[in-house]
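Participant: The structure's right below; bear with me while I get my questions together.
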Amino acid sequence: MLITIVVELKDQPGQLLKALEPISRFGGNIVSVYHQRDKITPLKRIPVEITIQIDEKRVNDLIEAIRKNGVIVRSYNEVRLTATTSLLLIGHIIHTDLGDTINRIDSTGFAEVVDMHISMPQLNQPSTAMVTISATNEEKLKRAIEILKNTCREKDITVIEPLELQ
Amino acid sequence: MIKIAIFGFGAVGQGVAEVLLTKRDSLRRLIGDFKVVAVTDSRGGIVDENGVDLAKALEIKRKNKRLPEGITTLDVIESLDFDVCIEVTVTNIEHGEPGLTHIRECLKRGINVVTSNKGPLVVAYSKLADLADRNDAKLMFEATVGGAMPIIKLVKNDLAGNEIYAIKGILNGTCNYILSRMEKEKLSYDQILAEAKELGIAEADPTYDVEGIDAAAKLVIIANSLMGMNVKFDDVERVGITKITPEAFEVAMDKGYTIRLIAEVDRAEGVLRVSPRLIPIQHPLAISGTLNAALIKTDLAGDVVVVGKGAGSKETASAIVSDLVELYRC
């Protein structure tokens, strides 16, 4: 799952590492780190927003580990994927490594393939898949669609996009 | 007295001649007296300063498949006195000829032009528009896009003052026929294409339609003439319909979509493309058969949708006659 953690760090070297080190230890993948320097706290700490992709079951342990490192965790939330759209793929979808095609979207950290419906008429015939992608916002959804289009161009798969992103 | 010359006497030229003939009286009430002083085709033509007998010209063309030789369109432009040319020769979107030369030579002489020929406009819209302006002539081209479906004058006149954000449309009736039949019959692209050829809806070589070339040419005309852009044919991202499977329609339908070939220009998004798209089945662009449709997104009027017959000699003649009336309405 995708989560956002907001930590408060002292404005000193080495502070960020204390927050980041447990993430790799728990198998998390850092998507973005954003220093909110304009929101400095009265105690001169800097809020830092860290977005990561991590196994849902390990989130609590991760937060615990970050706290143990002496870092203040102000909040953490699952990132909601608010923009969703469906696209149709036509071609040799399975034999061109479907796992890889999906992973190129999922590994972005801002978008996921959330549903897929495949129709395979006959062996060696092109298959058709309706792929539903969700992303954190419409801008990111557009980027995910571009990634999918580029992947499919490589694999000679035809992409049929929706008329409008809803 | 309006003196008209018709260049090109194929299906469209003949359709125009028929309308001028059969609707002579009602057209006269609209634009005043008119006569056709020349009709030419690729091999020859008929010229009569007192007015060509159109019924006879049609009869000769149908019997001999050609007009009498000995005269060229350029001879007519150089030597004959006329007010407006109806340029309906064959489209070539690579070099625009022979229509490009015909239109250029007419505009240079201050002669108004009404055309259904996409080629010259795709190749040289802005140059031709400038040439028309400089010589106080008018270039009218409703018939180049969407056949009888009104779009050029609709945007220029009825939506005047609006900013046009985007236009999305079905601009090729052949593709729309094939896709809507695939949707209904669950048959393969090849089977429906064969049917379309038999019905005369698709050409023997359907490349121009099914690869989206025709729709892309029309999109270029729309972008340049209605949205103030300056794009070329090669700027259009283009995907045809040949790879679409019957299963694609089934899978799409499960989610409430159908598939249509959509030409889209969106200035803010930088989109200029022709490609198959998923359309919600209740969407106004989810039309069937050989129809054309366009969704025009504007700032003041909101969304405007037009639907109409996109091809056919009578339908194209409708667009040409409407341009003629626009030029000369009393």
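Please treat every number below as a calculation from the coordinates, not as lab data. Given the structure is predicted, the values throughout are model-derived calculations rather than measurements. Backbone-built Cβ (ideal geometry, glycine too); neighbour counts: all protein chains shown.
Participant: At a Förster radius of 45 Å, what calculated FRET efficiency corresponds to the Cβ-Cβ distance of A:E64 and A:N103, to the nearest 0.05? Please list the in-between numbers first.
Facilitator: Details: r = 29 Å, r/R0 = 0.65.
The formula returns an efficiency of 0.95 here.
Participant: Now for a different question. Summing +1 for each Lys or Arg and -1 for each Asp or Glu, what net charge is found among the other residues whose Cβ lies under 13 Å from the Cβ of B:L131? Write down the numbers at each step before the final one.
Facilitator: Values: positive: B:R104, B:K108, B:R109, B:K127, B:R134, B:K138; negative: B:E105, B:D130, B:D133, B:D136.
Local net charge: +2.
Participant: By how many degrees, 0 to 90 and rounded to 10, does the Cα axis of helix A:59-68 deviate from the longest principal axis of chain A?
Facilitator: Tilt relative to chain A: about 30 degrees.
Participant: Given the Cα-Cα distance of B:I31 and B:E18 and 0.36 nm per residue of separation, how much length would full extension add, in nm?
Facilitator: Working: separation 13, 0.36 × 13 = 4.68 nm, distance 1.72 nm.
Answer, rounded to one decimal: 3.0 nm.
Participant: Next question, about the same structure. State, as an integer percentage, the relative contact order of chain B based on alpha-carbon contacts under 8 Å between residues 6 or more apart. Each step should come with its number before you reach the end.
Facilitator: Numbers: 700 pairs, mean separation 66.4, N = 330.
Relative contact order of chain B: 20 percent.
Participant: For B:K127, go through the aspartates and glutamates and keep the ones whose alpha-carbon is under 13 Å away, minus same-chain ones fewer than eight residues off.
Facilitator: Within the straight-line cut-off, B:K127 pairs with B:E105.
Participant: Of all DSSP beta bridges located in chain B, what percent are antiparallel, nearest 5? Don't skip to the end; give the middle numbers.
Facilitator: Values: 31 of 49 bridges.
Roughly 65 percent of the DSSP beta bridges within chain B come out antiparallel.
Participant: Give the aspartates and glutamates reachable from B:K184 as a straight Cα distance under 17 Å; neighbours fewer than 8 places away on the same chain don't count.
Facilitator: Within reach: B:E195, B:E247, B:E250, B:D254.
Participant: Taking every residue in B:248-257, how many Cβ atoms of other protein chains lie within 10 Å of its Cβ, on average?
Facilitator: Details: counts 11, 2, 4, 11, 6, 1, 3, 7, 1, 6.
The per-residue average across the peptide is 5.
Participant: Ignoring everything except DSSP H segments at least 4 long, calculate the 222 nm mean residue ellipticity for chain B; use -39,500 (n - 2.57) per segment, divide by total residues, nearest 500. Intermediate values should be presented prior to the final figure.
Facilitator: On the way: 12 runs with 131 residues, N = 330.
Mean residue ellipticity, 222 nm, calculated: -12000 deg cm²/dmol.
Participant: Picking from B:K186, B:K255, B:K156, which is most flexible by a Gaussian network model of chain B using Cα springs under 10 Å?
Facilitator: B:K255
Participant: Another question about this same structure. Under 16 Å Cα-Cα from A:K149, which lysines qualify once same-chain neighbours fewer than 8 residues away are excluded?
Facilitator: A:K140, B:K243
Participant: Connecting C-alpha atoms closer than 10 Å in a GNM of chain B, tell me which of B:M227, B:M182, B:M253 has the biggest fluctuation.
Facilitator: Fluctuation is largest for B:M253.
Participant: Now for a different question. Which value in Å does the Kirkwood hydrodynamic radius of the protein assembly as shown take, with 1/r averaged over all unlike C-alpha pairs and then inverted? Spell out each step's value before the answer.
Facilitator: On the way: mean 1/r = 0.0383 Å⁻¹.
Mean inverse Cα-Cα distance, inverted, gives 26.1 Å.
Participant: From the cross-link list A:K18/A:K44; A:K57/B:K255; B:K23/B:K309, which pairs have alpha carbons spaced over 27 Å apart?
Facilitator: Violating the 27 Å limit, Cα to Cα: A:K57/B:K255.
Participant: With unit charges on the beta carbon (Lys/Arg positive, Asp/Glu negative), name the residue among B:S225, B:N162, B:T242 whose Cα is farthest towards the positive pole of the charge dipole of segment B:157-267.
Facilitator: Checking the options against the dipole of segment B:157-267, the answer is B:N162.
Participant: Order these peptides, B:267-276, A:93-102, by their mean beta-carbon neighbour count within 10 angstrom, highest first. Walk me through the intermediate numbers first.
Facilitator: Details: B:267-276: 17.0, A:93-102: 15.2.
Top of the packing list down: B:267-276, A:93-102.
Participant: Right, here's the next one. How high is the FRET efficiency from B:D158 to A:H95, r the C-beta distance, R0 56 Å, rounded to 0.05?
Facilitator: The formula returns an efficiency of 0.60 here.
Participant: Further question: How long are the three semi-axes of the equivalent ellipsoid of segment A:2-78, in whole Å, if each is the root of 5 times an eigenvalue of the C-alpha gyration tensor, listed from largest down?
Facilitator: Working: eigenvalues 81, 31, 22 Å².
Ellipsoid semi-axes (Å, largest first): 20, 12, 11.
Participant: What is the spread of the Cα atoms of chain B along each of their three principal axes, largest first, in whole Å?
Facilitator: 64, 46, 36
Participant: Post the alpha-carbon centroid distance, segment A:54-118 to segment B:1-39, in whole angstrom.
Facilitator: 66
Participant: Would you mind working out the magnitude of the charge dipole of the protein assembly as shown relative to its Cα centre, with +1 at each Lys and Arg C-beta and -1 at each Asp and Glu C-beta, to the nearest 20 Debye?
Facilitator: With Lys and Arg at +1 and Asp and Glu at -1, about 780 debye.
Participant: Can I ask one more? Find the Cα radius of gyration of segment B:157-309, compare it with 2.2 N^0.38 Å by division, and give the number to two decimals.
Facilitator: Details: Rg = 15.5 Å, N = 153, 2.2 N^0.38 = 14.9 Å.
Compared with the compact-globule rule of thumb, segment B:157-309 sits at 1.04.
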